[in-house]
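The values are calculated or read from the model by the stated rules, or taken from the named source; none is laboratory data. All values reported here derive from a predicted model rather than from experimental measurement. Counting neighbours? That spans all protein chains shown, and the Cβs are built from the backbone with ideal geometry, glycine included.
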Amino acid sequence: MRVVVSGGAGFIGSHLAEDLLADGFEVIVVDNLLTGRRDNIVHLLGHPRFRFLEQDVATIELLPADAIFHLASPASPVGYRRHPIETLLVNSIGTLRLLECARASGARFVFASTSEVYGDPLVHPQSEDYYGNVNPVGPRSCYDEGKRFGEALTMEFVREYGVDARIARIFNTYGPRMDPDDGRVVPNFIVRALTGEPLEIYGDGMQTRALCYVSDMVRGLRLLMERDGLAGSIVNLGNPDERTILELAQLILRLTGSKAPLIYRPPRPDDPTRRCPDIRRARELLGWEPVVSLEEGMTETIRYFRRILSSTTVRDA
Ligand code: NAD
Ligand code: UDP
């Protein structure tokens, strides 16, 4: 069985590719390394069932497959502000190309969408039938509207051509292999805690996020692909353990044993004030819920950042 993972050199995609490979699948990663890193998949490169195509998904013509996970896209606010046009294109043209591949091969398809389709939500927690509160022209719109377009396109391939496609609305996910420079809250706080620099809180720190550990996310994505009878399903995947950003900073300081100070910076424009998934649908359709606690997952993630920071220091010395 051949599985394509677009964005497989990124954070979530590399864990997914590794997991599929361990279960005996043939895995093809398509990634142009826009925000991903070869280091994330270097250990897979010699594997006989693994292939890496360093390519923009928008240029894919035909890629025979049994299943396609479409994860390619910048994902962090800093990443998509750095590459706004690329973000719109990978979620539109890139999604179109991969849906055409799925149609031609009869492959199942999972589109990695996002909780950002709910924008700055007015409903808590967010369930899949909420239409969202998105600024269509603001600084986050390249991502939010790119994903919303990708979702609409995916649903039209289901309706028009009978493609067996499913949509995962992924909520904030964290774990080893996050890029230390991509500006997301978890790598920013951990790196600063470990180096003793101030942790910067944007706004008053009372905004919330609910963080899902990457192994839980990979399991959810795979179940969404593997369960029969789910064509056209849209499912939130995330951990409903909602915390304020201030609580998260305090937790990371405690787990690292750091004395780094907290400093407050102006809020980011259009920063969602609350975000938390309603995962009842994932429980019902997939029998899925996260099992890794924030403390456990954060401890693993801190261990990873300690290791990469110490190897960078050794290399730089
Ligand atoms: P990431 O940036 O680590 O990985 C994305 C990968 O896509 C990178 O390796 C990048 O090089 C690749 N890519 C980007 N444009 C490409 C293109 N045109 N052609 C080929 N490859 C391309 O991000 P991630 O956190 O692993 O996110 C993976 C997916 O999950 C994304 O689609 C993202 O929108 C979605 N998602 C992630 C989160 C999260 O918290 N991590 C939350 C919601 C949604
Ligand atoms: N944030 C912060 N300090 C940082 C990075 C992020 O206070 O160094 C806040 C950010 O304003 C947002 C939350 O943490 O409210 C999550 O930000 P992230 O970039 O991880 O992802 P988002 O959920 O906004 O896509």
Discussion item. Just to be sure I understand, how many residues within region 211-226 are aliphatic (A, V, I, L, M) and under 24 Å from residue 274 (Cβ atoms)?
Written reply: 3
Discussion item. Against the condition over 14 Å from the mean Cα position of the chain (by Cα) and within 15 Å of ligand 2 (Cβ to nearest atom), how does residue 133 come out, does it pass?
Written reply: yes
Worksheet item: Has region 87-98 got any residue that is surrounded by 18 or more Cβ atoms within 10 Å (Cβ to Cβ), within 13 Å of ligand 2 (Cβ to nearest atom) and not aromatic (Phe, Trp, Tyr)?
Response: yes
Response to the item:
Note on region 1-38: residues buried (at least 23 other Cβ atoms within 10 Å of the Cβ) and either without any contact (Cβ under 8 Å) to a residue 12 or more places away in the chain or over 13 Å from residue 52 (Cβ atoms) (or both) are 3, 11, 12, 16, 20, 35
Worksheet, complete the sentence: Only unsatisfied item for residue 284, checking (1) in contact (Cβ under 8 Å) with a residue 12 or more places away in the chain; (2) surrounded by fewer than 18 Cβ atoms within 10 Å (Cβ to Cβ); (3) farther than 19 Å from residue 190 by Cβ, is (1)
Discussion item. Considering only region 119-129, I want to know if a residue exists there that is farther than 24 Å from residue 285 by Cα and charged (D, E, K, R).
Written reply: yes
Practice prompt. Tally the residues that are in contact (Cβ under 8 Å) with a residue 60 or more places away in the chain and touching a strand residue (DSSP E or B) at 6+ places or on another chain (Cβ under 8 Å), restricting the search to region 114-138.
Written response: 10
Worksheet item: Considering only strands (runs of 3 or more DSSP E) fully contained in region 231-317, which possess at least 1 residues that are farther than 30 Å from residue 154 by Cα?
Response: 242-244, 262-265
Practice prompt. Please verify whether region 94-115 includes one or more residues that are within 19 Å of the chain's Cα centre (by Cα), farther than 21 Å from residue 227 by Cα and away from ligand 1 (no atom under 12 Å from the Cβ).
Written response: no
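Restricting attention to region 203-226, and to residues there that are surrounded by fewer than 15 Cβ atoms within 10 Å (Cβ to Cβ) and farther than 21 Å from residue 292 by Cβ, which single residue is farthest from ligand 1 (Cβ to nearest atom)?
My answer is 204.
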Discussion item. Six or more apart or on different chains, Cβ atoms under 9 Å: show the pairs whose first residue is in region 258-281 and among the small types (Gly, Ala, Ser) and whose second is in a loop (DSSP other than H, G, I, E, B).
Written reply: 258/196; 260/196; 260/197; 260/198
Discussion item. Return the pair list, or none, for Cβ contacts closer than 8 Å from residues in region 180-191 that are under 13 Å from residue 79 (Cα atoms) to residues that are among the aromatic types (Phe, Trp, Tyr) and assigned to a helix (DSSP H, G or I), at least 6 apart or on different chains.
Written reply: 180/305
Worksheet item: Just a yes or no: is a residue in region 19-35 among the hydroxyl-bearing types (Ser, Thr, Tyr), modelled with pLDDT of 95 or more and within 16 Å of ligand 2 (Cβ to nearest atom)?
Response: yes
Item to complete: Could you grab me the full set of residues in region 4-54 that are over 17 Å from residue 168 (Cα atoms) and of a type in the set (Val, Ile, Thr)?
Response: 27, 28, 29, 30, 35, 41, 42
Discussion item. If I go through region 174-202 residue by residue, how many of them are over 23 Å from the mean Cα position of the chain (by Cα), at positive phi and buried (at least 22 other Cβ atoms within 10 Å of the Cβ)?
Written reply: 0
